[in-house]
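To start, the structure itself, in structure tokens.
The values are calculated or read from the model by the stated rules, or taken from the named source; none is laboratory data. From a predicted model like this one, the values you see are computed outputs, not experimental measurements. Here the Cβ is made from the backbone with ideal geometry for all residues, glycine too, and neighbour counts use every protein chain on show.
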């Protein structure tokens with residue numbers, strides 16, 4: 001027997017949610033979903049699977065490339081479903097770098113940038129808090145069983161569930177991780193611009209969120225090991241605030257591990273903001289502006305207009 005389920009029973013009387021407030025709520029919830037599934041999959045790989053007896057030892061992680069694929073595909077699905085949740089209301093930026101790039105090159109209102117950023121960071125904090133609520137037993141079990149340096153009883157491994165840090169081969173340098181974040185986010189915004197550009201080969205049938213998820217998977221598989229591919233200031237800063245409050249302290253802020261890296265917290269913020277703008281500008285310079293020019297040349301003439309005269313040089 002088929003049962004018809006209405007899409008909404010009764011609209012709320014809070015009509016203020018029809019404007020910017022509603023958009024910010026969508027950004028909050030979409031980012032919460034993004035972080036809940038993204039940090040959740042890392043918690044599975046780092047703490048839950050080893051601690052539950054599904055790995056060789058209680059502290060065995062990353063034995064093979066498949067462990068990294070688990071994380072990259074988990075983040076891809078996290079982005080996909082986060083965009084599906086909030087896309088119809090706010091466009092589902094879920095990322096301050098996306099919001100800034102859209103304001104710079106896509107006419108997004110500058111008045112909405114800071115409210116969107118705030119909603120994204122708070123959503124990321126809430127998503128990380130949910131992951132910590134579910135997995136705190138596994139996390140503390142891992143920290144207790146692990147050997148090696150600890151900060152306030154916590155390890156860098158469990159820190160990585162929530163926030164990012166650079167690989168040891170950077171020897172604590174700034175430029176390597178910063179360039180990594182700029183490049184990764186530039187590709188992210190370049191490909192988002194391509195996916196959404198109706199003048200190009202835009203994705204059809206409401207599959208854009210899925211393809212954007214594939215973009216995140218591609219960035220993670222190709223550029224993830226250098227610095228954890230934050231490529232999203234809210235994704236790193238919100239969870240970093242959460243774990244700072246829960247005892248990771250200097251690992252989170254200022255983001256320091258003795259002999260490895262120091263004062264790292266700002267790199268996953270500045271790098272993506274710069275990279276996002278670069279990515280969308282590069283797309284427009286090489287592709288977007290060309291498509292726009294072709295579309296204008298193909299437009300029918302208005303009454304009284306004459307066809308522009310072109311010289312040999314195309315001027």
Only residues in the range 141-153 that are farther than 21 Å from residue 256 by Cα count as the first member; pair them with residues that are assigned to a helix (DSSP H, G or I) and at pLDDT below 95, Cβ under 7 angstrom, at least 6 apart or cross-chain, and list the lot.
-> 141/51
Expected output for the range 58-85 (first residue under 19 Å from residue 26 (Cα atoms), partner loosely packed, with under 15 Cβ neighbours inside 10 Å, Cβ below 9 Å, 6+ apart or cross-chain) is 84/206
Restricting attention to the range 243-265, does a residue exist that is closer than 18 Å to residue 118 by Cβ and surrounded by 23 or more Cβ atoms within 10 Å (Cβ to Cβ)?
-> no
Just give me the residues in the range 86-101 being assigned to a helix (DSSP H, G or I), touching a residue at least 24 places away in the same chain (Cβ under 8 Å) and within 15 Å of the chain's Cα centre (by Cα), in sequence order.
-> 86, 87, 96, 97, 98, 100, 101
Within the bounds of the range 72-84, is there any residue that is closer than 17 Å to residue 41 by Cβ and either in contact with a strand residue (DSSP E or B) (Cβ under 8 Å, 6 or more places away or on another chain) or not in a helix (DSSP H, G or I) (or both)?
-> no
Residue pairs within 8 Å by beta carbon, gap of at least six or interchain, first lying in the range 108-126 and under 11 Å from residue 31 (Cβ atoms), second assigned to a loop (DSSP other than H, G, I, E, B) and modelled with pLDDT of 95 or more, listed first then second, are 116/93; 120/93; 120/94; 120/95; 123/94
Looking only at the range 186-207, decide whether some residue is touching a residue at least 60 places away in the same chain (Cβ under 8 Å), over 16 Å from residue 280 (Cβ atoms), out of contact with any strand residue (DSSP E or B) (no Cβ under 9 Å at 6 or more places or on another chain) and assigned to a helix (DSSP H, G or I).
-> no
Name the one entry in 136, 154, 140 that is out of contact with any strand residue (DSSP E or B) (no Cβ under 8 Å at 6 or more places or on another chain) and either surrounded by 21 or more Cβ atoms within 10 Å (Cβ to Cβ) or at pLDDT below 95 (or both).
-> 154
Which residue, of 166, 233, is touching a strand residue (DSSP E or B) at 6+ places or on another chain (Cβ under 8 Å) and under 30 Å from residue 246 (Cβ atoms)?
-> 166
May I ask you to say which residue of 86, 74, 82 is surrounded by 15 or more Cβ atoms within 10 Å (Cβ to Cβ), over 24 Å from residue 277 (Cβ atoms) and touching a helix residue (DSSP H, G or I) at 6+ places or on another chain (Cβ under 6 Å)?
-> 74
Would you point out the residue of the range 241-265, among those that are within 18 Å of residue 150 (Cβ to Cβ), in a helix (DSSP H, G or I) and in contact (Cβ under 8 Å) with a residue 12 or more places away in the chain, that is nearest to the chain's Cα centre (by Cα)?
-> 243
Out of (1) closer than 17 Å to residue 269 by Cα; (2) surrounded by fewer than 19 Cβ atoms within 10 Å (Cβ to Cβ), what's the single condition that is false for residue 205?
-> (1)
In the range 137-151, the residues that are in a helix (DSSP H, G or I) and under 20 Å from residue 250 (Cβ atoms) = 139, 140, 142, 143, 144
